[in-house]
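Encoded as structure tokens, the structure appears first; notes follow it.
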Amino acid sequence: MLRRSYFLSLLLLLRPIVGFAQEASGVDSPALISVPELRGGFDLLYEQKFGEAREAFTSWQSRHPSQPFAEVAIAASYLFQELSRQGVLTSDFFLNEKKFLHGIDGKPDSERMTRFREALAQARQLARERQKTDPKDGEALFALTLAAGMESNEESILQKRHLAALRRTKEANEYAKRLLAQNPEATDVYVALGMANYIIGSQSAGTRFTLWFGGIHGDKRLGMEQLTKTAENGCYLRPFAKIVLALAARREKQDALAQKLFRELTEQYPGNELFSSEYAKASGMPPQAAPAR
């Protein structure tokens with residue numbers, strides 16, 4: 001009994017060291033194990049400090065040039081910046097049926113989109129290099145899933161090329177299923193699945209029926225469940241999942257859920273006025289009545 005107690009005590013003492021080792025090993029698996037420097041970059045992204053976020057990602061990428069996730073993060077910084085500039089991640093966009101289903105008015109910034117696509121191309125190239133050694137490589141599948149998911153968003157929302165977006169959606173789904181079959185803890189990829197399911201599920205019955213024949217399915221309820229998985233257990237994309245889930249909740253008249261998520265985002269990122277503004281709208285308050293920041 002004394003011997004057992006000794007080993008239990010030793011295990012408790014070593015737990016922080018074990019956790020440190022797992023975090024440090026994230027250098028070899030940054031997409032699947034949290035890397036503080038990359039998390040810091042994503043925090044800057046959610047504070048709308050896009051240039052600083054890119055600097056953090058680029059700095060990490062320069063020291064780990066073979067990692068596709070660094071290029072995914074750089075691409076995400078360009079996409080998130082353009083989505084923010086266009087007001088996509090707001091209730092004004094999500095609650096406008098025409099914009100939500102058909103895309104922005106006007107065109108996106110061409111130079112920013114070029115940089116976005118360059119980063120995606122580099123991420124895909126690095127991912128496929130890894131697959132030459134191991135076709136089931138988790139880092140590669142993660143990068144390919146998010147690359148296809150982000151490009152689907154760009155094609156659908158910003159470029160309004162909906163058929164191209166659907167092809168990328170199908171591609172993202174295939175990569176995600178392969179990844180989750182072997183790495184069920186990779187919950188960040190549920191963002192790609194959830195957004196696709198929710199947006200496609202929001203289409204008219206006739207459109208959904210047509211897509212069904214092409215092997216493309218959408219389900220709003222499933223989409224929100226998938227977004228919830230990332231919002232509750234995700235890593236780098238947990239705040240992004242909260243944003244999208246909160247806005248979807250506004251569309252579905254689930255105001256209590258939207259209020260909860262926007263309040264959490266406001267508390268976590270007090271420098272981003274968008275979150276406090278959206279919290280106020282979800283709560284039926286004027287903007288100045290949002291929680292103190």
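The values are calculated or read from the model by the stated rules, or taken from the named source; none is laboratory data. All figures in this text were calculated on a predicted structure; none of them were measured in a lab. Methodologically, a virtual Cβ is constructed for each residue, glycine included, from the backbone with ideal geometry; neighbour enumeration extends over all protein chains shown. For accessibility, only protein heavy atoms count, side chains too; no ligands or nucleic acids. Shrake-Rupley method; radii C 1.70, N 1.55, O 1.52, S 1.80 Å.
Structural remarks
For (1) within 24 Å of Val35 (Cβ to Cβ); (2) in a helix (DSSP H, G or I); (3) at pLDDT below 95; (4) not charged (D, E, K, R), each residue gets a yes or a no:
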residue: Leu193; (1), (2), (3), (4): yes, yes, yes, yes
residue: Ala196; (1), (2), (3), (4): no, yes, yes, yes
residue: Phe209; (1), (2), (3), (4): no, yes, yes, yes
residue: Gly215; (1), (2), (3), (4): no, no, yes, yes
residue: Leu222; (1), (2), (3), (4): no, yes, yes, yes
residue: Tyr236; (1), (2), (3), (4): yes, no, no, yes
residue: Leu245; (1), (2), (3), (4): no, yes, no, yes
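- Candidates in region 117-130 are the residues that are among the charged types (D, E, K, R) and surrounded by 18 or more Cβ atoms within 10 Å (Cβ to Cβ); of these, the one that is farthest from Ala241 (Cα to Cα) is Arg130.
- Residue pairs meeting the criteria (Cβ under 7 Å; at least 6 apart or on separate chains; first closer than 15 Å to Lys260 by Cα, in region 274-293; second open to solvent by 50 Å² or more (accessible area, probe 1.4 Å) and at pLDDT below 75): Ser276/Arg293; Ser277/Pro287; Ala280/Pro286; Ala280/Pro287
- Residues (part of a helix (DSSP H, G or I), open to solvent by 60 Å² or more (accessible area, probe 1.4 Å) and touching a residue at least 12 places away in the same chain (Cβ under 8 Å)) located in region 87-116: His102, Arg115
- Scanning region 131-148 for residues that are acidic (Asp, Glu) and closer than 17 Å to Gln61 by Cβ yields one hit, Glu139.
- For region 159-178, a residue qualifies if it is open to solvent by less than 30 Å² (accessible area, probe 1.4 Å) and in contact with a Gly (Cβ under 7 Å, 6 or more places away or on another chain), and exactly one does: Ala172.
- Long-range neighbours under 6 Å by Cβ, at least six apart or interchain, first residue more than 16 Å from Pro30 (Cα to Cα) within region 54-83, second at pLDDT 95 or above and among the basic types (Lys, Arg): Ser77/Arg54; Tyr78/Arg112; Tyr78/Arg115; Glu82/Arg112
- Across region 131-149, the qualifying residues are those that are charged (D, E, K, R) and surrounded by 19 or more Cβ atoms within 10 Å (Cβ to Cβ), and the one among them that is farthest from the chain's Cα centre (by Cα) is Asp137.
- Subset of region 65-85 that is open to solvent by 50 Å² or more (accessible area, probe 1.4 Å) and not in a helix (DSSP H, G or I) - its residue that is nearest to Ala143 (Cα to Cα): Ser66
- Exactly one residue among Ala280, Ala256 is open to solvent by less than 30 Å² (accessible area, probe 1.4 Å), over 17 Å from the mean Cα position of the chain (by Cα) and farther than 27 Å from Ala186 by Cα, and that residue is Ala280.
- Scanning region 133-162 for residues that are without any contact (Cβ under 8 Å) to a residue 24 or more places away in the chain and under 20 Å from Leu180 (Cα atoms) returns Thr133, Asp134, Pro135, Asp137.
- Of all the residues in region 259-277, those that are open to solvent by less than 50 Å² (accessible area, probe 1.4 Å) and in a helix (DSSP H, G or I) number 8.
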